[in-house]
Amino acid sequence: MPPSGRPPAGHVLLGEFGRAHGLAGEVRLKSYTEDPLAIGRYGPLAGSDGRAFRLTSLRQAAGDQPDLLVVRVEGVASREAAEALNRIRLHVARERLGETADEDEFFLADLVGLAVDGPTGPLGTVVGVPNYGGGELLEIAPLGGGRTTLLPFTRQFVPEIDIPAGRIRVEPPEVPEGEAEGEDGPESSAG
């Protein structure tokens, strides 16, 4: 896995191993596929540690989280071996996913590398689409270099996506006066 925590170039994140389950080598797996069990249909998956993993059996874990599975992994037969998988992310090459059924659908990985245009012209390039629990965000690297910025990936802020043209249009939120990066707010008289 690259130091940034992003999937390797040309790969899509499909899931992440969690804790061991039981004593016989089963492990929990958080699936990011629309149908959680579909993660087992992609054959060997590339691990963030450089290894390839083949899932040999999958079932939904007990509880109310449909994206949490219990899986067996080829070559993993003990609790200790299953525990060693914790936090390893599983990826697949983008080309193995095929095409989307609808022209308004796309894979989030297809956004990485697109040029970003704002209301006044070019802003930068999409370098990631992270999700820290509150929904997807666009991570945008500015044209002139410097720190990346995050923008909620909603229709309000991202009204137009043109993957064939390699561009998206964004409407960033307005920053109230005095709150822009590098500006100090009103001085406080409290002491």
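The values are calculated or read from the model by the stated rules, or taken from the named source; none is laboratory data. Just so it is clear, the model here is predicted, and its values are computed rather than measured. Virtual Cβ from ideal backbone geometry, glycine too; neighbours counted across all protein chains shown.
Free of Cβ contacts under 8 Å to residues at least 12 places away in the same chain, not in a strand (DSSP E or B) and not β-branched (Val, Ile, Thr): does that describe Ala24?
no
Can you name the number of the only condition in (1) loosely packed, with under 12 Cβ neighbours inside 10 Å; (2) farther than 17 Å from Gly22 by Cβ that Ala62 fails?
Among (1) loosely packed, with under 12 Cβ neighbours inside 10 Å; (2) farther than 17 Å from Gly22 by Cβ, Ala62 violates only (2).
Which residues, counting only those in region 66-84, are more than 19 Å from the chain's Cα centre (by Cα) and either assigned to a loop (DSSP other than H, G, I, E, B) or surrounded by 15 or more Cβ atoms within 10 Å (Cβ to Cβ) (or both)?
Within region 66-84, Val70, Val71, Arg72, Val73, Glu74, Gly75, Val76, Ala77, Ser78, Arg79, Ala82, Ala84 qualify.
Which residues, counting only those in region 152-191, are loosely packed, with under 11 Cβ neighbours inside 10 Å, closer than 18 Å to Ala141 by Cα and at pLDDT 90 or above?
Of everything in region 152-191, just one residue is loosely packed, with under 11 Cβ neighbours inside 10 Å, closer than 18 Å to Ala141 by Cα and at pLDDT 90 or above, namely Gly166.
From the list Glu99, Glu95, pick out the single residue that is more than 15 Å from Leu37 (Cα to Cα), part of a loop (DSSP other than H, G, I, E, B) and of a type in the set (Asp, Glu).
Testing whether each residue is more than 15 Å from Leu37 (Cα to Cα), part of a loop (DSSP other than H, G, I, E, B) and of a type in the set (Asp, Glu) leaves just Glu99.
I need a count of the residues in region 40-60 that are part of a loop (DSSP other than H, G, I, E, B) and touching a strand residue (DSSP E or B) at 6+ places or on another chain (Cβ under 6 Å). Can you show your working first?
Initially, region 40-60 is screened for residues part of a loop (DSSP other than H, G, I, E, B), giving 43-44, 48-51, 54.
Now drop any that are not touching a strand residue (DSSP E or B) at 6+ places or on another chain (Cβ under 6 Å), which leaves 44, 48.
Qualifying residue count for the region: 2.
If you go through region 99-108 one residue at a time, do you hit one that is under 14 Å from the mean Cα position of the chain (by Cα) and either modelled with pLDDT of 95 or more or basic (Lys, Arg) (or both)? Walk me through how you get there before you give the answer.
If we filter region 99-108 for residues that are under 14 Å from the mean Cα position of the chain (by Cα), which is where we start, we get 106-108.
From what's left, either modelled with pLDDT of 95 or more or basic (Lys, Arg) (or both): none.
Within region 99-108, not a single residue is under 14 Å from the mean Cα position of the chain (by Cα) and either modelled with pLDDT of 95 or more or basic (Lys, Arg) (or both).
Limited to region 151-175, what total is found for residues that are outside any loop (DSSP other than H, G, I, E, B) and either without any contact (Cβ under 8 Å) to a residue 40 or more places away in the chain or farther than 12 Å from Leu114 by Cβ (or both)?
4
Among the candidates Leu37, Leu13, which residue alone is part of a helix (DSSP H, G or I) and either of a type outside the set (Lys, Arg) or touching a Phe, Trp or Tyr at 6+ places or on another chain (Cβ under 8 Å) (or both)?
Of Leu37, Leu13, the one residue that is part of a helix (DSSP H, G or I) and either of a type outside the set (Lys, Arg) or touching a Phe, Trp or Tyr at 6+ places or on another chain (Cβ under 8 Å) (or both) is Leu37.
So Val76 ticks every box in (1) out of contact with any Gly (no Cβ under 7 Å at 6 or more places or on another chain); (2) within 27 Å of Arg19 (Cα to Cα); (3) among the β-branched types (Val, Ile, Thr) but one. Which box is left unticked?
Result: Val76 fails condition (1) only.
Under the condition of being in a loop (DSSP other than H, G, I, E, B) and at pLDDT 80 or above, which residue from region 133-150 is nearest to Ala109 (Cα to Cα)?
Once the filter is applied, the top-ranked residue is Gly135.
Does Ala109 fit the bill of being farther than 15 Å from Gly15 by Cα, crowded, with 16+ Cβ neighbours inside 10 Å and of a type in the set (Gly, Ala, Ser)?
The answer is no for Ala109.
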